[in-house]
Amino acid sequence: MKNFLLLILLVSLNISCGVTNEKIQVYMTPSCGCCKKWVSYLKENGFEVESIMLDDMGPIKTKYGVPEGDRSCHTGIINSYFVEGHVPVNDIRELLSKKPDIAGITVPGMPAGQNVPGMETVDTNAEYDVLYVRNDGSTDVWNSYN
């Protein structure tokens, strides 16, 4: 009986804390090490990841409306949104919570820093923006990091 009550308590704590295993598909090239690091980061933070290896990422980015000037190495698809590049999980969770009428969010290029998930190749933090992309392809700042 105690074990049963403990199980109920643990399940209710997970539900009340909003713990979910959101599913995300991540398109990436087979040889990209930073993409693999970002996938590991997502998994460590509770996301269920399906990695899809492609040699040519252009068609996927075009299909989901990632503007050419705001692209990075990998493209995630979660619910109806794209998540382009090294976006922190807090921004992904905020996107899923707010459910805005946008195409997705992106960290353009490949900024390197201790605060860039999957790109921790230097000892300092990077200054970078997470942008949101409207359905018409225009962008604005979602969040800033430094």
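Assorted remarks:
- Degrees, to the nearest 10: 2-16 long Cα axis against longest axis of the chain: 30
- Ordered by the number of other Cβ atoms lying within 10 Å of each residue's own Cβ, fewest first, 80, 51, 72 fall into the sequence 80, 51, 72.
- Rounded to the nearest whole Hz, the Karplus-based 3J(HN,Hα) values (6.51 cos²θ - 1.76 cosθ + 1.60, θ = phi - 60°) of region 64-80 follow the sequence 8, x, 6, x, 4, x, 10, 8, 9, 7, 10, 10, x, 10, 9, 6, 9, with x at glycine and proline.
- Prolate is the label for the chain, because a/c, from the alpha-carbon gyration tensor with a ≥ b ≥ c as root eigenvalues, is 1.5 or above and a/b exceeds b/c.
- Interchain or long-range residues, amide H under 5 Å from residue 125's placed H: 114
- Among beta bridges identified by DSSP and lying wholly in the chain, the antiparallel ones come to about 65 percent.
- Under Karplus coefficients 6.51, -1.76 and 1.60, residue-wise ³J(HN,Hα) of region 33-44 in Hz, glycine/proline x: x, 5, 5, 5, 5, 5, 4, 4, 4, 4, 4, 4
- From helices alone, the chain scores -9000 deg cm²/dmol at 222 nm; the rule is -39500 (n - 2.57) for each run of n ≥ 4 DSSP H residues, then divide by the residue total.
Each reported figure results from applying straightforward, stated rules to the coordinates on display, with no laboratory input. Everything numeric here is computed off the predicted structure, so don't read it as measured data. Because the Cβ atoms are built from the backbone with ideal geometry, glycine has one as well, and the counts that use them run over all protein chains shown.
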